[in-house]
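Undergrad: One structure is given below, represented as structure tokens, and several questions about it will come after.
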Amino acid sequence: MPSSIPGPNGHATLRVDRESLPHLRKVFDGAMSKLDQQIELAMTGVRVSPWAGDPVSGNAATDFNNRSVDDGDSALNVLRAYQQRLKSASDALEQVAREYRIVESNNSAAFGAQSNSPMGG
């Protein structure tokens, strides 16, 4: 039976079949790994310096750095927010997998107890 994962705003849901969980986790974790590399690259290699040493290139470098890595709505911060959403989704998938395992374990235990009882099958 599919399980629902609430979205970050609490409204959107993702219906997941138990059999799909390992593949979905692998996809989300793979995307996070690639994104981690891009964020590291952005933090270490995107910032530019004024290339001509004049006021125009200084302004251009400042604008570029602000939009790329410094401002609150910079590309780097957008990537970090996306990274957090992927992590939240992966964590939610892990929680669903744990819940499936608990339910299956409880069902197996209940079935075993029922089949071993004098009234059981």
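Quick note: the coordinates plus some simple rules give every number you see, no bench work behind them. Quick caveat: nothing in here was measured; it's all calculated off a predicted structure. Note that we place each Cβ from the backbone using ideal geometry, even for glycine, and neighbour counts take in every protein chain shown.
Undergrad: What does the highest-first list of 66-78, 83-95 look like by mean Cβ count within 10 Å?
TA: Going from most to least packed, we get 83-95, 66-78.
Undergrad: Now for a separate question. Determine the dipole magnitude for segment 3-101: charges of +1 sit on the beta-carbon of Lys and Arg, -1 on that of Asp and Glu, nothing else is charged, the reference point is the Cα centre, and the result goes in debye to the nearest 20.
TA: That gives segment 3-101 a dipole magnitude of about 440 debye.
Undergrad: Defining a contact as two alpha carbons under 8 Å apart and six or more residues distant in sequence, what relative contact order in percent does segment 3-101 show?
TA: Dividing the mean separation by the residue count of segment 3-101 yields 31 percent.
Undergrad: Using DSSP to call loops (not H, G, I, E or B), can you name the chymotrypsin sites (Phe, Trp or Tyr not before Pro) in segment 12-121 whose Cβ has at most 12 other Cβ atoms within 10 angstrom?
TA: Loop-located and lightly packed - Trp51.
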